[in-house]
Amino acid sequence: MNNTKSLIIYFSRADENYFDGKTKDLDKGNTEIVAEYIKDITDSDIFKVEPLVEYSKEYTKCISEAKERIKTHDAPIKSNISDISSYDTIYIGTPVYWGKMPEELVTALKVLNFEGKTIRPFITHEGSGEAEIPAQIKEICQGANVLDSLVLVGSTVKSSKPIVENWI
Ligand SMILES: Cc1cc2nc3c(=O)[nH]c(=O)nc-3n(C[C@H](O)[C@H](O)[C@H](O)COP(=O)(O)O)c2cc1C
């Protein structure tokens, strides 16, 4: 019998962030809130990509760290999923960092085999929309069918569960 369970792979950072026009300390990252909605609705397995070197809790420092990691492609992670072969559908969740996904997510995705998979990206941002992320996913996850992204403004996710339900 086929295992039809889906998988959520996501990155998200709590702490100080730019939120609705000002900086604010968040207990939980915006993308994580959306990932949990998707898990609730679909009963998917879930995997959070965690940086080996934590980003600064301060927003302005985090911004420059993220820029550097994207530029150098140097972003090791604590651990990764080794095998995604039993999943047909994979939800990939990410914030927008400088128009792209955080480099740690690139580190996680680039070693996985997405041939024949369906990918459903979900993206949170604070103004730039999905930016380059769908193109990045298509480039990294070769052989996958990448569907349209769910794109949410990070500061609205707490009231966005109905939008997520509708998208699923
Ligand atoms: C390092 C960094 C870079 C960001 N770059 C962008 C950006 O280029 N465009 C944008 O709209 N928002 C940007 N943001 C805002 C985040 O994408 C947004 O707050 C997102 O919801 C954060 O998700 P998270 O809480 O799950 O980490 C950035 C935030 C950080 C911390």
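Here, each number is a calculation from the coordinates, and none is a lab measurement. Here the structure is a predicted model, which is why all the values come from computation and not from measurement. Positions of Cβ are generated from backbone atoms using ideal geometry, with glycine treated the same way; all protein chains shown enter the neighbour counts.
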Which percentage, to the nearest 5, of the DSSP beta bridges contained in region 1-138 is antiparallel? 30
Placing +1 at every Lys and Arg Cβ and -1 at every Asp and Glu Cβ, with all other atoms neutral, what dipole size does region 118-168 have around its Cα centre, in debye to the nearest 20? 200
Sites Ile168 and Thr4 - FRET efficiency at Förster radius 22 Å, r taken between beta-carbons, to 0.05: 0.95
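Give me Phe19, Phe11 sorted ascending by neighbouring Cβ count inside 10 Å, so fewest comes first. Don't skip to the end; give the middle numbers.
Numbers: Phe19 16, Phe11 25.
By the 10 Å Cβ count, ascending, the order reads Phe19, Phe11.
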Ordering 115-127, 148-160, 91-103, 29-41 by per-residue average of other C-beta atoms within 10 angstrom, highest first, gives 91-103, 29-41, 115-127, 148-160
Global form of the chain, assessed from the alpha-carbon gyration tensor, a/c cut-off 1.5: oblate
Give the long-range amide H neighbours of Val151: residues separated by 5 or more places, or on another chain, with amide H under 5 Å away, using H modelled in the peptide plane at 1.01 Å from N. Ile123
Longer than 19 Å from Cα to Cα, which of Lys24/Lys158; Lys78/Lys100; Lys28/Lys57; Lys5/Lys48; Lys117/Lys138; Lys22/Lys57 are they? Say none if no pair is. Lys78/Lys100
